[in-house]
Amino acid sequence: MAKSYLHLPTAFYRPNVLFPIPGGQNTLAYNVWPVGDLPLLTRRRFVGSTAIASLSWPSALAQEAKDRLAPQVSARALAMHRHALIFDAHVHALDREFYYGGSMGDRKSNGHWDLPRAREGGEDAFFLSVYVPEEYYPSRFETRQTLRRLDHALRQVHENRDQVELALNGADIDRIRAKGKMAAVLDIEGSYDLDGDLGILRDLHALGLRSAQISAHNWNQNYADSCCSEPKSDGLTAHGRELIHEMNRLGMVINVSHSGDDTISQILDISDRPVVATHHGLRSVNDIPRNMPDNLMKKLVDKGGVFCFQIGSEFHYPREYKWLTAERGKTFFDTASIPDRVRSKSLYEVDALVAPSFPMKGATVPDSVAMTVDDWVAVVDRAIKLVGEDHVGFGSDFDGGPTLAKGMRDVRDLPMVTDAMLRLGYTEERIRKFWGGNLLRVFRQITSQA
C-alpha cells in the first residue's frame, strides 16, 4: 500500500539530514513526513520532532525582526504610552508554543507576540486566547483540545511566573501589575463543547477560565449561531440562554466576537452583566459579517459593555480587504474546505494539519493598498464619535492573522497608535481609556459580581 504523507511547514525543511521517526525508521526531513510510519504519533512526539527541525531555520528568518527598523514615534507619545495601562482583549499568545514547543517567555523571531516583545510594546495585561479552531469539530475533538490547550496555558504561565501571572478578576490585575508582572486572563476562542455542557463550563471556570466565546469561532454551536455560517438557531436556543445565565452567575466574560447578529442581540437582551466584543470591527466601515453593525455596537454599549478593535487591516480597510480576498480567491473567514481536509484524521493528525498555520502573522500587501496607522485610528475614532470614549478598547488578535498597518512590525510598535491618536488631538485621559481603562472597568464589574 502506498504511504500517505504529512506535509510540514517550510520552516521544518532541512535537506540532507536524517531525523528519527517514531516506529524506528529514518527519513529525510525535507518536505514530507510519512504518516504511515506514525501509528503512535502523539503531541509530545510531534512537538519534539518539530523542535529539532526548528533549529535549522534559515538565519535570514531568525534575523528578520531585528533587521527591520523601528518606526519613528514622538517622545510625547512614548512617554504617554509607558504610563498607560495596556490591556489587550485578544492575543494568540501560545498557539506557536503548543504546536512547536518552547516558551512564551522567550523572544521569538517570528510572529507578532511573545512576553519580551509585549513588555517592550507596553502591554500590562491580556486575554490569553485558548484557541480551538474548526478543524477539531467534525470528529468532536473540541473538548479534548480545550483541555489540552488549557493545561498547556496554565503550565506556560507557571513556568514564566517571573514575568506573568493568571488573573481571575480586576483585583488580581491590580496586584500583578504592582509586582511589575503581566496579567493573563484565560479566554476560550472557539468551542469548548459544541453542545455547551454546563458542567464542563463550570469545570473550566474552576481551572481558571474567565472568558468564553459564544460561537464556535466561525461555525455555529449547537446552541448559538456564528457570524459566518448559515444560521440554524436564529440566534440562541433555550440551552444557549441557560448558558448565558450560567456565565453571568459564574462571573465570566461573555465574548461575542464571531457571534451572529441575532445571537449578539439576544445575549444583550438577557444578560444581566455587561458583554465584551474582544476583537471586532465596524460593518459600516467594511461590510462583512465578521464586523458588527452600528446599532448592535450601540446596544452593547447601552448594556455597559466594551467594544474592542482588532488591529488588522482586513476588518477596517476595504481596499486592502478586497485586494487580499481577490488574491486568495476566498474570504478570510471561509472555512468550507475544513470537513474534507480533516475527514478520518486522528486528533494528533489534526494537530499536524493545522500546525503550519501558526503563528498566523497576516499577509504582505503592496503599499498601494496597505492600511496606515492613521487609517486604523480613524475607524476607532468613528466608533468613539458614535458611542463615546468610555466603551471602546483594544483587542489586537496578535498572532491570530491580522495584517498590520504599514510600518508596524509587531506588538513592540503599539506606540505608533498612541502617536496617531495624539495627531487627532486625543487627550491623555481618552487614550488611557482606550488602551485599558475601559476594559479593566468592565472586567472588574463582571468578575466581582459572581
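Just so it is clear, none of the values below were taken in a lab; they were calculated from the coordinates. Not measured: the values here are computed from a predicted model. Here the Cβ positions follow ideal geometry from the backbone for every residue, glycine too, while neighbour counts run over all protein chains shown.
For the range 75-448, what class follows from the C-alpha gyration tensor (a ≥ b ≥ c being the square roots of its eigenvalues): rounded when a/c is under 1.5, otherwise prolate if a/b is larger than b/c, else oblate?
Numbers: a/c = 1.20, a/b = 1.18, b/c = 1.02.
Since a/c stays below 1.5, the shape of the range 75-448 is classed as rounded.
For the range 332-450, just say rounded, prolate or oblate: build the C-alpha gyration tensor, square-root its eigenvalues into a ≥ b ≥ c, call rounded for a/c under 1.5, and beyond that prolate if a/b exceeds b/c, oblate if not.
Values: a/c = 2.68, a/b = 1.53, b/c = 1.75.
Here the range 332-450 falls in the oblate category.
What is the list of residues in the range 395-411 whose amide nitrogen lies under 20 Å from a point 7 angstrom out from the Cα of Ser109, following Cα to Cβ?
The answer is 399, 409-411.
Past 18 Å, Cα to Cα, is the threshold; run Lys361/Lys406; Lys299/Lys385; Lys108/Lys433 against it and keep the listed order. Numbers along the way, then the final one.
Working: Lys361/Lys406 14 Å; Lys299/Lys385 15 Å; Lys108/Lys433 30 Å.
Distance filter (> 18 Å) returns Lys108/Lys433.
May I ask you to derive the FRET efficiency for Ile270 and Thr331 from their Cβ-Cβ distance with R0 = 35 Å, giving the value to the nearest 0.05?
Once rounded, the FRET efficiency stands at 0.70.
Please report the antiparallel percentage of DSSP beta bridges with both residues in the range 75-448, rounded to the nearest 5. Walk me through the intermediate numbers first.
Details: 3 of 34 bridges.
Given both bridge residues lie in the range 75-448, the antiparallel proportion sits at roughly 10 percent.
So, by mean Cβ neighbours within 10 angstrom, what's the order for 280-292, 353-365, 405-417 with the highest one leading? Intermediate values should be presented prior to the final figure.
Details: 280-292: 19.8, 353-365: 17.8, 405-417: 22.5.
Those peptides, ordered most packed to least, come out 405-417, 280-292, 353-365.
Calculate the spin-label point distance for Asn222 paired with Ser284, positioning each point 7 Å from the Cα along the beta-carbon direction, and give it in nanometres.
Label at Ser284, label at Asn222, 3.9 nm between them.
Any idea how far the Cα center of the range 304-382 sits from the one of the range 137-209, in Å?
24 Å
Taking the mean number of other Cβ atoms within 10 Å as a proxy for protection, how do you rank 368-380, 297-309 from highest to lowest? The partial results should precede the final answer.
On the way: 368-380: 18.9, 297-309: 21.9.
Top to bottom by mean Cβ count within 10 Å: 297-309, 368-380.
Take Lys298, project a point 7 Å from its Cα along the Cβ direction, then tell me which residues of the range 382-402 have their backbone nitrogen under 20 Å from it.
Those under the cut-off are 382-393.
Given the peptides 324-333, 311-320, arrange them by the average over their residues of other C-beta atoms within 10 Å, most packed first. Don't skip to the answer; put the middle values down first.
Working: 324-333: 13.6, 311-320: 24.6.
Top of the packing list down: 311-320, 324-333.
Using a basic spin-label model with each label point 7 Å from the Cα along Cα→Cβ, how many nm lie between His83 and Asp367?
Each label point lies 7 Å from its Cα, and together they span 3.6 nm.
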